[in-house]
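These notes are about the structure you will find just below.
No lab work stands behind these numbers, since they all come straight from the coordinates. These numbers were taken from a predicted model, which means no experiment stands behind them. Quick reminder, even Gly has a Cβ in these numbers, built from the backbone with ideal geometry, and neighbours come from all protein chains shown.
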Amino acid sequence: MKVAIIRFPGTNCDFDAYHVLKNVLHLPSDLIWHEEVDLRKYDGVILPGGFSYGDHLRAGIIAAHSPAMTQVKKAAEEGKPILGICNGFQILAESELLPGALLRNAGLRFVCKWVNLRVDSTSTFFTSGLKKGTLLRMPIAHGEGRYFLGESEIKNLERKGQIVFRYVDEKGNTTENSNPNGSLFNIAGVSNEKGNVVGLMPHPERASEKILSPFGSSDGLAVLGAFAKTVEVMARK
């Protein structure tokens, strides 16, 4: 039972994810360089946050063509859980493992703050243990997090339960003020149709220990804990 955390040039949240998986959730994990990837022995994959290749051209596009992504796609096809956090979400979108695109924030500025999220789908490996409507508090830190997709396609995602997280206010309502980057329909995270690949802009690994949160939030464990349980199940197969 082991998880691969894939590192690209410019990745900077790899050790954060590694610490939470290994020391908080006690899930064996390895940091893997993107050019030296062999995922056959791993039961799950995390693409962590950062600025792969310095966000040249646009966020995630160069990493999407890295040797690692060929194997990530194969792992996704095999049904293994794949989680993309922030830049990892951007990479998954650019790799077409997830629908949509992440554009520059509406205000054209980097946004770093804590946000409220609402769980809108429990049909993924990462939210199956939660109740629909559950509120979570996590931080964001990105300049290109504005989710975009055609309106008819978004309706299709909604129908299939692929819109996993939305930005909301403290009461759980989607409002303009609770949307930090201009994402359409306040979308903060989506999944593929199978529910084994999920990407989200907020950072669950930065909200996994109460002592490190100004709000005493460990809500990120709701997502990463579900990931760990899924990995355990995969390892038994």
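Let me make sure I get this right: for region 71-209, a, b and c are the square roots of the gyration tensor eigenvalues over alpha carbons, sorted descending. Under 1.5 in a/c it's rounded, otherwise prolate if a/b > b/c, else oblate. Which is it?
Because its axes are fairly even, with a/c under 1.5, region 71-209 counts as rounded.
For region 16-29, what does the Karplus curve 6.51 cos²θ - 1.76 cosθ + 1.60, with θ = phi - 60°, yield as ³J(HN,Hα) per residue in whole Hz, taken in order and with x for Gly and Pro?
4, 5, 4, 4, 5, 5, 7, 9, 9, 9, 6, 9, x, 9
If we count every other residue with Cβ under 15 angstrom of Leu130's Cβ, Lys/Arg +1 and Asp/Glu -1, where does the sum land?
Its environment carries a net charge of +4.
Could you tell me which of rounded, prolate or oblate describes region 151-237, using a ≥ b ≥ c as the square roots of the eigenvalues of the alpha-carbon gyration tensor, with rounded for a/c under 1.5 and, failing that, prolate when a/b is larger than b/c and oblate otherwise?
Taking the square roots of the gyration eigenvalues as a ≥ b ≥ c, region 151-237 is oblate.
Looking at the chain as a GNM with Cα springs under 10 Å, which of Leu98, Leu135, Leu25 has the largest mean-square fluctuation?
Result for the chain, Cα springs under 10 Å: Leu25 fluctuates most.
Dividing the convex hull volume of the Cα atoms of region 3-236 by its residue count, what figure in Å³ per residue is obtained? Don't skip to the end; give the middle numbers.
Numbers: hull volume 25.4 nm³, N = 234.
Taking the convex hull of the Cα positions in region 3-236, it is 109 Å³ per residue.
Around Phe185, with a cut-off of 13 angstrom between Cβ atoms, what is the net charge of the other residues, counting Lys and Arg +1 and Asp and Glu -1?
Cβ neighbours under 13 Å give a net charge of -1.
Which one, Pro48, Pro139, Pro67, has the greatest fluctuation when you compute a Gaussian network model over the chain with C-alpha springs under 10 angstrom?
Among Pro48, Pro139, Pro67, the largest GNM mean-square fluctuation belongs to Pro67.
Compute a Gaussian network model of the chain, connecting alpha carbons closer than 10 Å, and tell me which residue from Phe110, Phe125, Phe51 fluctuates the most.
Taking springs between Cα atoms under 10 Å, the residue moving most is Phe110.
For region 1-135, list log₁₀ I(q)/I(0) at each q in 0.19, 0.21 Å⁻¹, using the Debye formula over Cα point scatterers of equal strength and ignoring solvent, two decimals each.
-1.23, -1.42
Around Ser121, under 12 Å between beta carbons, what's the net of Lys plus Arg minus Asp minus Glu among the other residues?
Once all neighbours under 12 Å are counted, the net charge is +3.
Answer rounded, prolate or oblate for region 85-147, using the Cα gyration tensor with square roots of eigenvalues a ≥ b ≥ c: rounded when a/c is under 1.5, else prolate when a/b is larger than b/c, else oblate.
oblate
So, how do all the Cα-to-Cα distances of region 1-61 break down into 10 Å bins, in percent, from 0 on up?
23, 51, 23, 3
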